[in-house]
Amino acid sequence: MSDVHYEATYLVETPLPLEKVAEVMAGEQSCGTFTRVEGETDELRERARATVVAIRDLGEVAQPSVRSAWLDRKSLSAPSRRGEVTLRFPVANVGVNLSTLAATVAGNLFDLGEVTGLRLESLKLPGAYRKAYALPRQGIAGTRRLTGVAQGALVGSIIKPNVGLRVEEIASLVERLCDAGLDFIKDDEIAANPVHAPLSARIPAVMAAVRRHRDRTGKHVMVAFNITDETDAMRRHADLVAREGGRCVMTSLNWCGFSAIETLRRSTDLVIHGHRNGYGAFSRHPALGIGFQAYQTLWRLAGADHMHVHGLGGKFAQADKEVVESAKDCLTALCDADDRIMPAFSSGQWAGTVEQTYRAVNTSDLLFMAGGGIMAHPGGPAEGVASIREAWRAVEAGESVDSARTKHRALADAYSFFAKR
């Protein structure tokens, strides 16, 4: 791949020859349409057309994943086959334009009549082109510096109940969670700017609690305020967080959009904690949507510093293998600059999921968040945090958690309480 091209790899399902459909894809997403038009000269096609780099036949499928009215009209009822198709696109067609990059690699292709399934699996960018977009303003190194956690996994939790608490109740809970020994606290994705706890009041109240804890202990706990909103409102919320001494904001990426996150990134140095809620709509079907490697690549170009990957053995639908691969994607640089972002593990996490997490990703450069795994611990939140920290200390030292829990009451109590649930 040259510096003037980028590549996208797709899973394609079709009853037509894969070679024919690959060419249709290349034309549709560059200079072509269903027929050659006036002005589409050989010179223009040479310069602007996407090209097919590779095709790998993956075999026939028992039934098509989705129906195509176009195929019905053509009376094409042959069995569908799946294949892996890699297309190469000219950078010049897009320029430095994230929304158009996304529209090119993940646009009308999903609606092509020729396919009964299509999934964007990966996106590979030349280094110079990647660096033309935003790099993480903080990323892993900045998050560690701002939290004062130089080594080990960062331990975090989520404000619970998800929504409904008033400002003073949230501030009180944050103070309690700070005292419990957390590194990171975040809002839930559905708790942004509710009438009963508006950000204009919640941010100052919560940050006052964080500052009191810092003054007592010297530790500045990072709070990710959910500022999901329209773009100008998010910028105002972020400015308030910064004025109050906060260091992080959270956004629901899919519902804010690339442009909003890019604008936010340009306007603040705060850590952007990227929440991927809704990603399942793009990814759960194995033959449709967008795979996480491509998905997180696009959001890294927007400037996110953290990205949710769910958790091992958690409450969501993703297989553990997918969670691990997603975390490794976040931890893999896209260019020769350090543009790695911190994977955020969450959903059903507790001390008992620490060992498999560490063994699978082989790093502590991650955010390990537990809601019930901390706040439902029989000894209270402080014991919940202690149980998770003891589990991380054990696995990082090469000790099994089974051995460690014979020595640490908080860890033993966590297993007694959560293992049977």
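The values are calculated or read from the model by the stated rules, or taken from the named source; none is laboratory data. Since the model is a prediction, treat every value here as computed from it, not as a measurement. Positions of Cβ are generated from backbone atoms using ideal geometry, with glycine treated the same way; all protein chains shown enter the neighbour counts. Just the protein is used for accessible areas: all its heavy atoms, side chains included, with ligands, DNA and RNA removed. Shrake-Rupley method; radii C 1.70, N 1.55, O 1.52, S 1.80 Å.
Details
- Considering helices alone, the calculated mean residue ellipticity of the chain at 222 nm is -11500 deg cm²/dmol, with DSSP H runs of length four and up weighted by -39500 (n - 2.57) and normalised per residue.
- Among the lysines of the chain, pairs at least eight places apart or on separate chains and with Cα atoms under 26 Å apart come to 17.
- Between 0 and 90 degrees, the angle of helix 409-418 with respect to the longest Cα principal axis of the chain falls at about 50 degrees.
- For a modelled paramagnetic label at residue 44, 7 Å from Cα along Cα-to-Cβ, the residues of the range 2-32 in reach, with backbone nitrogen under 13 Å, are 30-32.
- The value of relative contact order for the chain, using C-alpha pairs under 8 Å at least six residues apart, is 16 percent.
- Angle of helix 18-28 to the longest C-alpha principal axis of the chain, folded into 0 to 90 degrees and rounded to 10: 80°.
- Near residue 360, once Lys and Arg are set to +1 and Asp and Glu to -1 for all other residues with Cβ below 11 Å from its Cβ, the sum equals 0.
- For the range 5-132, with +1 on Lys and Arg beta carbons and -1 on Asp and Glu, the positive-most of 14, 104, 78 along the dipole: 104
- For the range 5-132, relative contact order (Cα pairs under 8 Å, six or more residues apart, normalised by length) works out to 45 percent.
- Neighbourhood net charge (13 Å Cβ-Cβ; Lys/Arg +1, Asp/Glu -1) for residue 91: +3
- Phi-based couplings in Hz for the range 274-285 (Karplus 6.51, -1.76, 1.60; Gly and Pro marked x): x, 9, 9, 3, x, 4, x, 5, 8, 10, 5, 7
- Ordering of 410-420, 199-209 by burial proxy (mean other Cβ atoms within 10 Å per residue, highest first): 199-209, 410-420
- Under-5 Å amide H pairs with residue 30, H placed in peptide plane, nonlocal only: 50
- Backbone N under 12 Å from the residue 208 label point (7 Å along Cα→Cβ), restricted to the range 160-186: 167-169, 171-172
- Rounded FRET efficiency, nearest 0.05, which uses the C-beta distance separating residue 20 from residue 61 and R0 of 22 Å: 0.80
- Selection from 53, 288, 272 lying farthest towards where the dipole of the chain points positive, charges on Cβ: 272
- Averaging the Cα positions of each part gives two centres, and for the range 355-408 and the range 1-21 these lie 43 Å apart.
- Fraction of accessible area attributable to carbon and sulfur, the chain (%, probe 1.4 Å): 49 percent
- Per residue, the range 5-132 exposes 50 Å² of solvent-accessible protein surface, assessed with a 1.4 angstrom probe and all protein chains in place.
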